[in-house]
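The structure appears below as structure tokens.
Just so it is clear, none of the values below were taken in a lab; they were calculated from the coordinates. Since we're looking at a predicted model, the values are computed, not measured. Neighbour counts run over all protein chains shown; Cβ positions are idealised from the backbone, glycine included.
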Amino acid sequence: MVERRPWLDFLAHAILIVGLIIVAFPLYVTFIASTQTAQEVANAPMSLLPGSHMVENYLTAITSGGSGASPVGRMLWVSLVMALSIAIGKILISIVSAYAVVYFRFPGRQLCFWMIFITLMLPVEVRIAPTYQVVADLHMLNSYAGLALPLIASATATFLFRQFFLTVPDELVEAARIDGAGPMRFFYDVLLPLSKTSIAALFVIQFIYGWNQYLWPLLITTKENMYPIVVGIRRMVAGGDDVTQWNITMATTILAMIPPALVVILMQKWFVQGLVDTEK
Amino acid sequence: MATLSFKNVKKTYAGNIAVIHGIDMEIADGEFIVIVGPSGCGKSTLMRMVAGLEAITSGEIQIDGATVNDLEPADRDIAMVFQNYALYPHMSVFDNMAYGLKLRKLPKEEIKKRVGDAAEILELSKLLDRRPRALSGGQRQRVAMGRAIVREPKVFLFDEPLSNLDAKLRVAMRLEILKLHRRLRTTSLYVTHDQVEAMTLAHRMIVMNQGVPEQIGTPVEVFEKPASVFVASFIGSPPMNLIQVKVAGDGTMQTLEGSLPLDIPPTDVPPSVRGRKVILGLRPEYMILNTRGLSAEIEMIETLGSEQLVHCRYGHDQMIVRCTTRQLTEAPLQPGSRLDIGPDGRHPMHWFEIDSGKRVANL
């Protein structure tokens with residue numbers, strides 16, 4: 001904005017603050033609930049001041065888990081393995097397929113690209129039944145492979161890398177050819193370093209995507225020790241006879257938020273560096 | 001150090017679009033050859049065929065007598081400097097120059113020495129740790145040349161290397177390239193659309209037009225004896241004046257359009273053009289004012305500094321005469337007035353066939 005008007009500043013800040021409260025308040029309540037006893041949480045209205053049972057609740061969550069769930073540590077581990085495999089797998093596969101589609105002239109190249117592109121229209125939820133059948137037939141139920149593999153194929157990431165590769169000048173490819181770099185060397189020495197920032201961005205997005213998966217893990221895991229944390233939290237909200245231990249559940253939720261938050265914060269540094277460090 | 005030869009080299013793209021119609025040429029060891037022509041004439045394609053970046057449709061390209069048609073660019077022992085430099089953005093200047101050598105598995109010391117030497121020649125020694133983006137255009141261009149030098153190739157290829165630089169830097173880099181070539185004596189092929197670059201750098205130049213080499217010769221030959229109307233109008237600034245004329249059997253002339261008289265001494269008109277319709281070519285720098293010839297109307301005067309260009313109209317024909325500024329300050333000219341202009345009589349006139357545009361043979 002060119003003009004500076006005090007009331008405009010005020011309005012902008014007001015909107016931002018309201019937005020922040022809307023986002024942050026539930027998080028705050030979650031945290032408060034995780035520091036109180038089950039009884040205190042159940043009171044209406046619930047106190048909005050931190051309680052005195054924080055350490056106790058978190059220890060319970062980590063060691064034994066709330067009602068109807070395994071300890072948080074195991075679930076976090078399962079989620080972490082799943083999210084990492086999905087993020088890394090997606091990046092590996094899509095960067096290689098984008099490389100093939102952009103830099104190699106082979107029969108059916110356009111066809112391949114469009115086939116990848118069309119899968120955008122088929123997210124997991126749409127193809128969930130046949131995918132389940134395939135995974136079950138391959139005896140991959142209750143396994144890390146079963147959790148991650150079907151989610152790895154990614155048209156979005158392929159498309160993103162393709163768009164990036166198209167912006168790399170042809171002369172660079174030719175210079176590399178004259179320097180004697182074969183296709184693999186060119187990919188490894190030139191394309192990969194140039195894609196660093198795209199890779200970082202995709203990693204963050206895909207890690208969170210993997211971490212937040214709910215429907216698919218719910219379907220293919222039947223053993224408690226293979227539940228990722230999102231499924232685990234849902235199971236802690238007990239049905240039937242058990243009473244939900246809201247304080248433990250909330251502690252688990254807070255713990256579940258830490259890894260993705262860490263990934264965002266750590267990778268953000270990379271991002272910003274990448275953005276400032278524009279290499280072109 | 002190598003020779004380079006083209007044997008009836010042709011290039012046709014899919015759909016039978018011919019872009020190069022057959023080139024034959026022998027380039028001697030250490031020669032600096034400039035390919036010049038308007039955009040789309042196939043000059044870059046020709047160079048890219050030498051580099052191995054474009055397939056050769058038919059014919060042969062030989063480096064040092066060995067046919068390289070089917071060799072990968074890396075195996076042809078050439079080095080190329082690109083128009084937009086094509087430096088690896090994520091590598092330091094040193095790594096940019098060393099990359100090709102690393103891939104050839106040269107020993108580390110050797111790489112260091114070669115890059116160091118090249119950096120010395122190109123005055124890049126202090127910049128070796130920088131990334132390309134931290135360099136100015138001229139420095140990037142030098143890195144690109146450094147990358148070519150360290151390879152110690154048989155042939156250097158330059159693809160319009162100076163066209164991304166500003167005018168002043170271009171002149172400076174032109175001289176640097178000239179010095180560099182004098183020092184390394186590597187056979188070089190240089191593509192440009194800038195005739196001044198071509199004239200100053202070339203030992204011999206190839207003037208290309210629509211995939212055909214119109215003329216191959218030294219800059220002086222090309223300037224003094226253009227082989228066709230195209231070469232005549234392309235080389236030289238301002239371009240040669242070309243007038244279509246009817247020559248009578250006795251050597252008197254009229255313009256073809258408008259039938260205006262041209263008073264040129266019949267002794268200067270060679271017998272081979274008498275009684276024919278031809279194109280007469282007169283260089284603006286070899287024309288003088290206030291002489292016998294034709295009486296043209298002054299349209300405008302363009303000031304270049306020490307020289308001025310007088311644009312004239314004679315019936316349907318446009319003409320330019322180049323004068324010194326001093327000459328015009330002594331006798332000022334007014335646009336709209338008439339002026340007697342003609343050849344200076346000391347330099348030969350040029351005659352071209354109307355149909356083919358070729359220079360009239362056997363003058």
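Among B:Lys11, B:Lys225, B:Lys168, a tally of other beta-carbon atoms within 10 Å of each Cβ gives an order, fewest to most, of B:Lys168, B:Lys225, B:Lys11. For the protein assembly as shown, pairs of C-alpha atoms spaced more than 35 angstrom apart make up 63 percent of the total. Where does the charge balance sit around B:Lys246 when Lys and Arg score +1, Asp and Glu -1, over other residues with C-beta under 15 Å from its C-beta? Once positives and negatives cancel, what remains is -3.
Summed over all non-identical Cα pairs, the Kirkwood treatment of the range A:137-236 gives a radius of 16.4 Å. The alpha carbon centroids of the range B:66-100 and the range B:136-152 are separated by 11 Å.
The range A:98-123 and the range B:309-329 have Cα centres spaced 62 Å apart. Here A:Gln163 and B:Arg313 are evaluated by their C-beta separation; at R0 = 45 Å the FRET efficiency comes out at 0.25. Note on chain B: with charges restricted to the Cβ of Lys and Arg (+1) and Asp and Glu (-1), its dipole about the Cα centre is near 1060 debye.
Comparing B:Leu4, B:Leu135, B:Ala172 along the charge dipole axis of chain B, the residue lying farthest to the positive side is B:Leu135, per the Cβ-charge model. Karplus-based coupling profile of the range A:101-113, in residue order and whole Hz: 5, 7, 9, 10, 9, 10, x, x, 5, 4, 4, 4, 4, with θ = phi - 60° in 6.51 cos²θ - 1.76 cosθ + 1.60 and x standing for Gly or Pro. For the protein assembly as shown, a crude dipole built from +1 on the beta carbon of Lys and Arg and -1 on the beta carbon of Asp and Glu, taken about the Cα centre, is about 720 debye to the nearest 20.
Considering the convex hull of the alpha carbon atoms of chain A, report its projected area averaged over all viewing directions, in nm², one decimal. It is 21.6 nm².
Placing +1 on the Cβ of every Lys and Arg and -1 on the Cβ of every Asp and Glu, with nothing else charged, gives the range B:27-153 a dipole about its Cα centre of roughly 780 debye. The equivalent ellipsoid that matches the C-alpha gyration tensor of chain B spans semi-axes of 46, 25, 15 angstrom, in descending order. Run down the lysines and flag those whose C-alpha is under 29 Å from the C-alpha of A:Lys196, throwing out any fewer than 8 positions away in its chain. Cα-Cα hits under 29 Å: A:Lys90, A:Lys269, A:Lys280, B:Lys102, B:Lys105, B:Lys108, B:Lys112, B:Lys126. Ranking B:Gln215, B:Val278, B:Val196 by how far each Cα lies toward the positive end of the dipole of chain B (charges on Cβ) leaves B:Val196 at the top.
For chain B, leaving out every one of the GluC sites (Glu not before Pro) that falls in a DSSP loop and has at most 16 other Cβ atoms within 10 Å, the longest unbroken run is B:124-256. The mean sequence distance of close C-alpha pairs (under 8 Å, at least 6 residues apart), as a share of the length of the range B:234-282, puts its relative contact order at 45 percent. Structural descriptor for the range B:4-228: relative contact order 30 percent, calculated from alpha carbon pairs under 8 angstrom and at least 6 residues apart. Dividing the mean sequence gap of close Cα pairs (under 8 Å, 6+ apart) by how many residues the range A:1-136 holds gives a relative contact order of 10 percent. The ranking of A:Tyr58, B:Tyr85 from fewest to most other beta carbons within 10 Å of each one's beta carbon is A:Tyr58, B:Tyr85. The HN-Hα couplings worked out from phi for the range A:137-142 by the Karplus form 6.51 cos²θ - 1.76 cosθ + 1.60 (θ = phi - 60°) are 5, 8, 6, 10, 5, 6 Hz, whole numbers, x standing for Gly and Pro. The fraction of all Cα pairs in the range B:270-363 landing in successive 5 Å bins from 0 to the largest distance is 3, 13, 21, 22, 17, 11, 7, 5, 1, given as whole percents. Centre-to-centre separation between the Cα atoms of the range A:179-226 and those of the range B:175-216: 49 Å. Within the straight-line cut-off of under 30 Å between alpha carbons, the lysines reachable from B:Lys358 are B:Lys7, B:Lys10, B:Lys11, B:Lys43, B:Lys225, B:Lys246, B:Lys277, sequence neighbours fewer than 8 places apart in one chain being disregarded. Across the options A:Gly108, A:Val135, A:Pro123, the greatest Cα extent toward the positive end of the charge dipole of the range A:61-195 (unit charges at beta carbon of Lys, Arg, Asp, Glu) belongs to A:Val135.
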